[in-house]
Amino acid sequence: MIPAAYAVINLDAVQHNLQRVRSYAPDAKIMAVIKANGYGHGLLRIAEALQNVDAFAVARVDEGVRLRKAGIKNRIAVLEGFTCAEELDELINYRLDAVVHSFAQLEILESRTEQGACAIWLKLDTGMNRLGFKPKEFNAVYQRLNRCSIIRQPISLMTHLANADDKQDTTTLKQIRLFNDTLAMLPPGLGLLNDRSIANSAGILAWKEALTDWVRPGVMLYGISPFPDSTGEQLGLKPIMSLHSRLIAVKPIAKGDKVGYSGSWVCEKPTTLGVVAIGYGDGYPRYAKAGTPVLINGQRVPLIGRVSMDMITVDLATQPHALPGDPVTLWGDGLAVEEIALCADTIPYTLVCGVTQRVQIVEKSEL
């Protein structure tokens with residue numbers, strides 16, 4: 001029996017979304033970003049569904065190791081790289097690419113004597129101010145890395161876009177220009193054969209100037225828009241995850257009745273209240289506002305009262321025949337996760353990544 005709260009994963013949509021990536025970047029290799037447990041969809045599940053990509057990207061070494069132990073053969077880049085010699089050993093042992101972004105990493109690499117044991121991506125900080133070398137440092141770092149025997153040549157080059165989800169912000173064009181200008185300053189003969197990568201999902205969809213040798217789609221692969229003013233479906237993407245539960249109680253409430261913790265929602269006229277078996281303990285957003293839409297039997301009803309750990313309450317005024325056991329959709333067909341994120345003052349990334357272990361994951365083919 002499927003438990004009260006469950007998420008359905010439509011793996012057929014993964015390949016559809018990959019084809020959308022290819023349509024925007026037909027000449028680029030694709031590094032599918034599957035960090036954070038495949039954005040909450042399941043690391044191995046998504047990797048197995050995307051084995052026709054050129055490479056995967058994960059955030060941490062242990063994610064890459066897990067993929068290798070599961071038999072994934074694709075090239076894998078670790079976006080946070082390594083922080084110590086032991087992690088570098090893991091990268092080498094499991095044939096993982098390291099992103100190099102700090103002088104501490106550089107010093108570790110310079111201390112090693114292996115020959116061509118590690119492929120790397122050298123990261124330029126063009127304005128994100130998170131990981132990466134500054135433009136004034138880049139040339140010297142690049143040349144030092146070229147002298148490291150442990151590095152497998154040629155070195156690949158990358159940066160990360162900070163504001164690509166804002167189509168009106170010129171920051172993205174400035175970052176792209178700085179990336180290209182910095183690489184152009186490398187000594188003659190250096191940097192000519194290096195693979196380059198700039199574009200994330202927003203870069204792929206909105207900034208042709210960001211399309212280089214490699215693109216790194218993340219959230220769009222899961223059918224979610226990277227832009228705050230659109231949904232994945234509006235971009236021709238197919239959402240992979242839908243979140244479901246069921247009504248567990250239906251009861252009348254009177255005018256003046258207060259609902260939920262702190263009594264923050266007060267009934268203005270007699271209505272029918274429904275209790276749904278989902279809460280922040282399952283990953284439903286704690287700060288979803290009153291009025292956030294929920295689908296009961298495929299029809300929208302508003303959230304009322306505060307989200308609690310295991311339950312939410314909804315106003316069934318438009319669903320007078322609703323009964324305990326009736327199906328509930330928290331996001332999915334007819335109710336985009338992007339809309340729920342807006343109602344909770346967050347982004348859809350946090351919702352799909354935040355679905356907890358209590359929620360059973362069901363592949364659509366199993367239903």
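The values are calculated or read from the model by the stated rules, or taken from the named source; none is laboratory data. Quick caveat: nothing in here was measured; it's all calculated off a predicted structure. Ideal geometry is used to build each Cβ from the backbone, glycine not excepted, and the neighbour counts take in all protein chains shown. All accessible areas refer to the heavy atoms of the entire protein, side chains included, with ligands and DNA or RNA removed. Shrake-Rupley method; radii C 1.70, N 1.55, O 1.52, S 1.80 Å.
With r defined as the distance between the Cβ atoms of Ala249 and Cys343 and R0 fixed at 22 Å, what FRET efficiency is calculated, to the nearest 0.05?
On the way: r = 23 Å, r/R0 = 1.05.
Efficiency, from the Cβ-Cβ distance: 0.45.
What is the chain's relative contact order, in percent, from Cα pairs under 8 angstrom and six or more apart in sequence?
On the way: 794 pairs, mean separation 65.8, N = 367.
So the answer I get is 18 percent.
Report relative contact order for the stretch 118-178 in percent, whole number only (criteria: Cα-Cα under 8 Å, sequence separation at least 6).
41 percent
Taking Cα centroids, how far is the stretch 26-84 from the stretch 163-231 in Å?
The distance from the Cα centre of the stretch 26-84 to that of the stretch 163-231 comes to 19 Å.
Take every DSSP beta bridge whose two residues both sit in the stretch 190-340, then give the antiparallel share in percent to the nearest 5.
95 percent
When DSSP assigns beta bridges and you keep just the ones with both residues in the chain, what percent turn out antiparallel, to the nearest 5?
DSSP beta bridges in the chain are roughly 55 percent antiparallel.
Taking all protein chains as present, what is the carbon and sulfur share of the accessible area of the chain, in % to the nearest whole number, probe 1.4 Å?
Values: 8510 of 16610 Å².
After summing per-atom areas, the C and S share lands at 51 percent.
Per residue of the chain, what 222 nm ellipticity follows from adding -39500 (n - 2.57) for every DSSP H run with n ≥ 4, rounded to the nearest 500?
-7500 deg cm²/dmol
Using only the alpha carbons, work out the radius of gyration and Dmax of the stretch 57-215 in angstrom.
Final numbers for Rg and Dmax: 15.5, 48 Å.
Just to be sure I understand, if you calculate Kirkwood radius over Cα pairs in Å for this structure, which of [x] 21.7; [y] 22.4; [z] 20.8 do you get?
Matching entry in [x] 21.7; [y] 22.4; [z] 20.8: [y].
Hey, can you find the accessible area per residue of the chain for me, probe 1.4 Å, expressed in square angstrom?
Value returned for the chain: 45 Å² of accessible area per residue.
Give, in nm to one decimal, the length gained when the segment between Ser264 and Lys208 is fully stretched (0.36 nm per residue of separation minus the Cα-Cα distance).
Working: separation 56, 0.36 × 56 = 20.16 nm, distance 4.74 nm.
Taking 0.36 nm per residue and subtracting the Cα distance, the gain is 15.4 nm.
For the stretch 195-323, take every pair of Cα atoms, bin their distances at 10 Å starting from 0, and report each bin as a whole percent.
Spelled out per bin, shortest first, that is 12, 32, 24, 17, 11, 4, 0.
Which value in nm describes the separation of the simple spin-label points at Asp89 and Glu107, placed 7 Å from the Cα toward the beta carbon?
Modelled inter-label distance: 2.0 nm.
Sorted by mean Cβ packing within 10 Å, highest first, what order do the peptides 236-243, 261-268, 338-345 take?
236-243, 338-345, 261-268
Given Cα positions, please report Rg to Rh for the stretch 1-148, the hydrodynamic radius being the Kirkwood one. Kindly include the intermediate steps, with their values, before the conclusion.
On the way: Rg = 17.5 Å, Rh = 16.9 Å.
Using only Cα positions, Rg/Rh for the stretch 1-148 is 1.03.
Got the relative contact order for the stretch 6-164 handy, in percent, Cα pairs under 8 Å and 6 or more residues apart?
15 percent
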